[in-house]
1. In terms of Cα to Cα distance under 28 Å, which lysines are near enough to K4, apart from those fewer than 8 places away along the same chain?
2. Can you list the GluC sites (Glu not before Pro) in the stretch 35-110 that are in a DSSP coil and have 15 or fewer other beta carbons within 10 angstrom?
3. Across bins of 5 angstrom width beginning at 0, how are the C-alpha pair distances of the stretch 129-208 distributed, in whole percent?
4. For S417, S36, what ranking results if the residue with the fewest other Cβ atoms within 10 Å of its Cβ goes first?
5. Fewest first, what order do S222, S360, S95 take by the number of other Cβ atoms within 10 Å?
6. Can you give the charge dipole size of the chain about its Cα centre, rounded to the nearest 20 debye, using +1 on the beta carbon of Lys and Arg and -1 on the beta carbon of Asp and Glu?
7. Can you sort C261, C378 from fewest to most other Cβ atoms within 10 Å of each residue's own Cβ?
8. Could you compute Rg(Cα) / (2.2 N^0.38 Å) for the chain, with N its residue count?
Amino acid sequence: MKLKYQETLNAVYAQLDRLGDLPIFSATVNRIRQISSSRESDAMALAMAVMKDANLSAKLLKIANTPHYNRGHGNISVVSRAVVLLGFERIQNLSMTLKLIETFSADEPGTGMDNLLVSAFLNAAMAREIAIRSGAMDIEESYICGLLYRLGEIIVAYTLPDRYRRMLRLRAEGEEGWDRIQLRELGGHFSDIGQDLTQSWGFPKSVVQAMDPMSAEQLKPSHRLNHLLAAGCHDLLELIYYRDTGRELDYGKRMTQIAQCTGLNQEELESAVSDSFRQVCDLSIEYGLPAKGLKPPYRGSGDGDLDELSRKLAFYISSRSEQFRAAEEAAQPQPEVAESASQDQLQLDYLARMNEMLASGASATAIIETAIEAIERCSQLERIAFCLLSADRSRLSARVTRGVDAEALSDKMQLSSKEPKGQLFVRLVERGNTLLVSDCTEQGWAERLPPDLIRTLRPAGFVAAPIRVGDRPIGLFYADNVTPGKVVDELAFRVFNQFLVQARLALEVQRHKDTKQEKSA
């Protein structure tokens with residue numbers, strides 16, 4: 001096994017040599033680390049070290065001017081002022097994070113590098129947030145330990161992509177544990193590789209030993225806490241993102257372990273996790289991370305507490321997706337800029353309203369009504385309806401309608417599974433399928449759609465999608481255009497789907513909250 005590991009390490013170093021000296025550990029970053037740790041250094045010395053890297057300087061200033069860091073300090077236009085306001089250690093950690101993301105944002109299909117970088121950033125933010133709340137002595141070192149905890153895995157994905165893809169396939173099959181796969185394929189663990197590299201790059205002993213549970217035992221308690229935070233947050237992310245296919249981790253046990261070493265209760269820990277996601281969410285664009293990679297997948301684990309946390313996080317990130325899209329497309333020329341900006345803002349306002357409704361315990365009806373109103377006002381769709389599925393799942397009845405001739409739409413959207421038109425929509429709800437017919441006049445659709453749908457609703461194009469809570473279907477969102485020739489375009493469908501997803505997530509979160517309250521009653 002030792003021989004296998006040495007062969008892996010040699011292959012990693014050989015590939016690093018071939019790819020060139022890693023910018024993350026370039027002379028600039030090493031110089032920043034040295035100056036930051038010296039008591040004799042001043043803000044100007046650190047600023048000069050940062051400014052040797054023009055790209056790093058620009059990104060640091062951009063981040064320093066975000067609301068998260070700049071709270072009433074006015075515009076920060078020079079690096080030396082950013083160093084004074086943010087502090088030496090924070091500048092060091094921002095530099096490390098930016099360089100980590102910049103270096104490894106490689107387009108290597110199938111390795112999920114973006115997800116690894118998002119997880120590293122989240123792990124660091126979570127470790128720091130929990131460290132703050134638990135009164136840890138060195139919260140910035142807690143951050144760096146969280147950031148580098150998965151360095152070994154990132155390096156393997158970067159230098160040995162074929163081997164890493166094979167490991168991911170084996171993990172997805174769920175027949176072997178992740179630790180066992182690492183030992184068989186690498187001859188050691190990711191943490192071993194991370195430790196070898198960070199030690200050779202001159203990182204402090206307290207950071208290197210915190211990367212592995214065995215070596216962390218040798219640390220004094222204040223530094224051992226950094227390992228417990230980094231490892232604990234890593235495991236929570238594996239559970240939140242449903243990567244633990246071998247079911248090796250237990251959410252309740254992991255939360256209890258973190259609670260015992262920090263003195264925080266589960267509610268406080270989950271609040272810290274949520275705040276960390278919000279921070280990373282707000283800063284992802286500035287750091288050059290794909291915001292869509294933040295959203296946990298929409299599925300269940302069987303653990304009520306874990307699923308409730310995952311859905312809350314997914315709801316929040318989904319509610320910000322329009323803001324991400326607007327930021328990512330800001331540099332691209334857009335026709336009708338003023339109108340486009342106002343529509344983007346309107347969507348954000350509705351998403352914020354739905355978020356507030358969820359927090360205040362609004363009813364399911366109110367949430368659905370708001371989603372329908374948002375679709376009608378934010379998209380180019382002319383008619384929108386929510387239809388409720390009957391208890392025996394044989395009928396759909398319009399309960400909320402908006403738009404052109406809404407009363408007539410309400411009358412026509414009384415659908416029975418015994419009718420051709422009703423069969424189509426009831427079947428969509430049962431199977432969980434979404435149907436988009438952008439243009440009903442396109443060849444083939446007139447023959448495939450029920451004649452009474454075309455005759456009674458007369459849509460130029462339509463979209464219909466089920467809404468479910470857990471495994472239970474509850475109804476259907478329907479929207480169409482009635483102006484002849486007005487198709488359902490990509491923008492209209494995206495807005496429709498945005499608020500449909502929000503309604504689904506809100507109802508899921510509400511259901512779990514109600515279930516939890518019933519159990520505690």
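Read-outs: derived from the displayed coordinates by stated rules, not from any lab. Predicted model, so just to flag it, every value in this text is computed and none were measured. Here Cβ is always computed from backbone atoms with ideal geometry, including for glycine, and neighbour counts include all displayed protein chains.
1. K205
2. Those that pass, being in a loop and sparsely packed, are E40.
3. Using 5 Å bins, I get a P(r) of 3, 14, 21, 19, 14, 13, 10, 6, 1 for the stretch 129-208.
4. Sorted ascending by nearby Cβ count, the order is S417, S36.
5. Going from least to most buried by this count: S360, S222, S95.
6. Around 380 debye, computed over the chain.
7. By the 10 Å Cβ count, ascending, the order reads C261, C378.
8. So the chain has a normalised radius of gyration of 1.11.
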